[in-house]
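J.: A single structure is presented below for examination.
Derivation of every value follows stated rules applied to the coordinates shown; laboratory data play no part. In this text the structure is predicted, and so the values were computed from the model without any measurement. Positions of Cβ are generated from backbone atoms using ideal geometry, with glycine treated the same way; all protein chains shown enter the neighbour counts.
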């Protein structure tokens, strides 16, 4: 199995990789199909199903879909241009995507929220349609946003995926057991094997530059979040806290009054800064999703700023190791909150972060695998229950606690020799089974948990 580090870590926009980025990507794919078709479309229509419908407004899914149909994409998103395009679409009830003529699109009539049963393939389903002059459907495609900004058509989802369908790589591990076996046979670290696989599809310079950009965007997101205050959008009146906490932590430095556990506040504030930016629709990196985007950057920033001997030169190894573990979670279970609950998002993010930290702290591959297992194990069963469908409560704080767990897991693993009872593979399979058995209302529908027990208006 090969899933690139640049698929796992994608630059995009908030608040959700599956509910915002995914629909925008799906719309871009539909436009590409339409450009290559013989049909002359006169109108467009979109319908959202399952979790995309239930929490679509809170996640700006309708907005993302409309912008995607207008030609916007997550990696090159420009907010000022997007706002201008939306205003024009609402005023004219017309969309003019690049390379296609003007088409009818009334956001009130053609952006449909279907609250009936979810589509059969995945909880995050959407159908895009092109219409002729009479309003009849001339082209239709069903897309599933499967988490982390990944999008599949219904046919692609039904066909499944296999290692044979991807590029040939030297270390095609599909399980943690295979990963450790290949590491022992080759004498290479997890990061080195992952880098060797990346070299099969891109140059060393492209890999290095890409990894540098990923961290640059992550770091900039932390810095923006720690210097911006105000109220987050969406109606819950959630106040940004990262800036105030960061200023207080800086003021306490050197006073010899700081308790040892204050280091947890540093980890939390880095993560909260990212997720406040995400909730505000800012630029983030999926890690592996937007809802869990703060855990990994917070862990790296903690390591760089607070751990003696930390070196920015090792950030690439951190990201490559984390991507290897994230790929295992995605391939063998899920990284989608709508499919497996928050265990699949923050749980996977914590496992990835623990593995990356253990690696840059000198851990063996066995200790890296153990760190990932510890972090994931103690997120099992976590539901996805965002209040009012917004990626704010409990999501922002949950990322901070995910980072704390990741650091603790790496530290515990490094205290051992890598031998442990529960394997990472067993833990990932347990996550898959638990997600399958979890009641639908606890999987990103805002129909259960905190979402119904906390007043949200």
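J.: Taking 8 Å as the Cα distance limit and 6 or more residues as the minimum spacing, I'd like the relative contact order of region 18-159 as a percentage. Before the final figure, lay out each step's value.
T.: Values: 270 pairs, mean separation 51.8, N = 142.
Reported as a whole number, the value is 36 percent.
J.: Follow-up. As an exercise, take the mean of 1/r over every pair of distinct alpha carbons in region 22-62, invert it, and state the Kirkwood radius in angstroms.
T.: 11.6
J.: Which angle from 0 to 90°, rounded to the nearest 10, does the C-alpha axis of helix 295-306 make with the longest principal axis of the chain?
T.: In the chain, helix 295-306 runs at an angle near 40 degrees to the longest axis.
J.: Now a separate question. At what distance in nm do the modelled label points of residue 83 and residue 186 sit from each other, each positioned 7 Å from its Cα along Cα→Cβ?
T.: About 4.8 nm separates the two model spin labels.
J.: What's the angle, to the nearest 10 degrees (0 to 90), between helix 22-35's Cα axis and the longest principal axis of the chain?
T.: For 22-35 against the chain, the angle is about 50 degrees.
J.: Please work out the Cα center distance from region 230-309 to region 408-444, rounded to the nearest Å.
T.: Centre-to-centre distance over Cα atoms comes out at 25 Å.
J.: Based on DSSP, what percent of beta bridges with both residues in the chain are antiparallel, to the nearest 5?
T.: Details: 25 of 31 bridges.
Antiparallel bridges make up about 80 percent of those DSSP assigns within the chain.
J.: Roughly how many whole Å is it from the C-alpha centroid of region 142-213 to that of region 320-336?
T.: The distance from the Cα centre of region 142-213 to that of region 320-336 comes to 9 Å.
J.: Let me ask something additional. Suppose only helical runs count, i.e. DSSP H with n ≥ 4. What mean residue ellipticity at 222 nm does that imply for the chain under -39500 (n - 2.57) per run, divided by all residues and rounded to the nearest 500 deg cm²/dmol?
T.: -15000 deg cm²/dmol
J.: Send over the semi-axes of region 263-372's equivalent ellipsoid, whole angstrom and largest first, taken as the square roots of 5 times the C-alpha gyration tensor eigenvalues.
T.: Sorted largest first and rounded, they come to 21, 19, 11 Å.
J.: Starting from the Cα-Cα distance between residue 205 and residue 227, subtract it from 0.36 nm times their residue separation and give me the gain in nm to one decimal. Let's see the in-between values first.
T.: Details: separation 22, 0.36 × 22 = 7.92 nm, distance 3.28 nm.
Length gained, residue 205 through residue 227: 4.6 nm.
J.: Hey, with R₀ at 41 Å, roughly what FRET efficiency would residue 426 and residue 259 work out to, going by the Cβ-Cβ distance, to 0.05?
T.: Rounded to the nearest 0.05, the efficiency is 0.65.
J.: Let me make sure I get this right: for region 164-208, a, b and c are the square roots of the gyration tensor eigenvalues over alpha carbons, sorted descending. Under 1.5 in a/c it's rounded, otherwise prolate if a/b > b/c, else oblate. Which is it? Mind dumping the intermediate values first?
T.: Values: a/c = 2.67, a/b = 1.40, b/c = 1.91.
Oblate shape, in that a/c is at least 1.5 and b/c is the bigger or equal ratio.
J.: How high is the relative contact order of the chain? Use alpha-carbon pairs under 8 Å, at least six apart in sequence, and give a whole percent.
T.: Over the chain, the number comes to 18 percent.
J.: Once both axes come from the Cα atoms, what is the angle between helix 315-332 and the longest principal axis of the chain, in degrees from 0 to 90, rounded to 10?
T.: So the helix axis and the longest Cα principal axis differ by about 60 degrees.
J.: First check a/c for region 115-242, with a ≥ b ≥ c the square roots of the eigenvalues of its C-alpha gyration tensor; if it is under 1.5, answer rounded, and if not, answer prolate when a/b is larger than b/c or oblate otherwise.
T.: It comes out oblate by the Cα gyration axes.
J.: Show me the ranking of peptides 222-234, 294-306, 131-143 by mean Cβ neighbours inside 10 Å, starting with the highest. Each step should come with its number before you reach the end.
T.: On the way: 222-234: 18.2, 294-306: 26.1, 131-143: 15.3.
So the peptides 222-234, 294-306, 131-143, ranked by packing, come out 294-306, 222-234, 131-143.
J.: Run the numbers for residue 247 and residue 196: contour at 0.36 nm per residue of separation, minus the present Cα-Cα distance, in nm.
T.: Working: separation 51, 0.36 × 51 = 18.36 nm, distance 4.21 nm.
Length gained between residue 247 and residue 196: 14.1 nm.
J.: What order do you get for 145-154, 406-415 when each peptide is scored by the mean count of other beta carbon atoms within 10 Å, highest first?
T.: Ranked by mean Cβ neighbours within 10 Å, highest first: 145-154, 406-415.
J.: For the pair residue 37/residue 91, report the inter-label distance in nm, with labels modelled 7 Å from Cα in the Cβ direction.
T.: Placing both labels 7 Å beyond Cα along the Cβ direction yields 3.0 nm.
J.: Label region 18-159 by shape, choosing from rounded, prolate and oblate, from the square roots a ≥ b ≥ c of the eigenvalues of the Cα gyration tensor; if a/c is under 1.5 it is rounded, and otherwise prolate applies when a/b is larger than b/c, oblate when it is not.
T.: Taking the square roots of the gyration eigenvalues as a ≥ b ≥ c, region 18-159 is rounded.
J.: Enter the Cα centre distance for the pair region 81-122 and region 19-66, rounded to the nearest angstrom.
T.: Each part's Cα centre sits 7 Å from the other's.
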